[in-house]
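Enquirer: Mind having a look at this structure? Questions to follow.
The values are calculated or read from the model by the stated rules, or taken from the named source; none is laboratory data. Worth saying up front: this structure is predicted, and the values here are computed from it rather than measured. In this analysis, Cβ positions are derived from the backbone assuming ideal geometry, glycine residues included, and neighbour counts consider all displayed protein chains.
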């Protein structure tokens, strides 16, 4: 469960990226966050995994009060949240297997556990045969699948995906989206910031629209109305 209560984010240069946002996302939901560039979508998602610190309000993610969390507890919060970026953020000198395993190694997981979990998530995203290849040997869609596998490595209850299909062609974008649908069907909350109106209109889920930092609409099975 994610709960925002009158949350605002003001940057040091005076720009207010999020203004008085209140919303609740239940475990297992699939939620689109839409809005024009600069509307505050990315900032809103960054607040959830404490990549940005909120300026006002209260924010709860699962058992964590993010507005009051101490720095030493942030890594524990982030183990509950898998983050997928538009530009993949893979480590170029590591193989597919090693990129995914790294997410587990930093938590101190045992080698046997790492081996089994990496195999599971690579199978889920359809990359079992690519385990020993490097990122520059993969297509954009395959790199995004690796990023998804890495985000899933620690079995998070929440996936936050910021424009995960933004750099992909329409066919590949649908394939990546269907992976996220599969993950959601297994009970994981998926929060997806997107400009992809075709996906939003074709695959109906809750749509939260942001304009100038404010939540202006929240529809259970909404359309892309920008």
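Enquirer: Could you check the stretch 58-116 and list, in sequence order, the residues that are free of Cβ contacts under 8 Å to residues at least 24 places away in the same chain, surrounded by fewer than 16 Cβ atoms within 10 Å (Cβ to Cβ) and assigned to a loop (DSSP other than H, G, I, E, B)?
Expert: Hits for the stretch 58-116 are 63, 70, 106, 108, 110.
Enquirer: OK, next. Restricting attention to the stretch 138-156, does a residue exist that is touching a strand residue (DSSP E or B) at 6+ places or on another chain (Cβ under 7 Å), under 24 Å from residue 37 (Cβ atoms) and surrounded by fewer than 21 Cβ atoms within 10 Å (Cβ to Cβ)?
Expert: no
Enquirer: Sticking with this structure for a sec: Restricting the stretch 183-213 to residues that are without any contact (Cβ under 8 Å) to a residue 12 or more places away in the chain and either touching a strand residue (DSSP E or B) at 6+ places or on another chain (Cβ under 7 Å) or not in a loop (DSSP other than H, G, I, E, B) (or both), which is farthest from residue 164 (Cα to Cα)?
Expert: 185
Enquirer: What are the residues in the stretch 204-226 that are in contact with a helix residue (DSSP H, G or I) (Cβ under 9 Å, 6 or more places away or on another chain), surrounded by fewer than 16 Cβ atoms within 10 Å (Cβ to Cβ) and closer than 18 Å to residue 29 by Cα, if any?
Expert: Listed by number, the list holds a single entry, 223.
Enquirer: Next up: Name the pairs whose Cβ atoms lie under 9 Å apart, with the first residue in the stretch 153-172 and without any contact (Cβ under 8 Å) to a residue 60 or more places away in the chain and at positive phi, the second assigned to a strand (DSSP E or B) and crowded, with 20+ Cβ neighbours inside 10 Å, and 6 or more positions between them or separate chains?
Expert: If the second residue must be assigned to a strand (DSSP E or B) and crowded, with 20+ Cβ neighbours inside 10 Å, the pairs left are 155/82.
For every residue, the table says whether it meets (1) farther than 21 Å from residue 158 by Cβ; (2) in contact with a strand residue (DSSP E or B) (Cβ under 8 Å, 6 or more places away or on another chain); (3) at pLDDT 95 or above.
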position: 6; (1), (2), (3): yes, yes, yes
position: 22; (1), (2), (3): no, yes, yes
position: 44; (1), (2), (3): no, yes, yes
position: 52; (1), (2), (3): no, yes, yes
position: 61; (1), (2), (3): no, yes, yes
position: 96; (1), (2), (3): yes, no, yes
position: 101; (1), (2), (3): yes, no, yes
position: 115; (1), (2), (3): yes, no, yes
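Enquirer: Also, I was wondering about something else. Taking the criterion of being out of contact with any helix residue (DSSP H, G or I) (no Cβ under 8 Å at 6 or more places or on another chain) and closer than 20 Å to residue 18 by Cβ, would at least one residue in the stretch 128-151 satisfy it?
Expert: no
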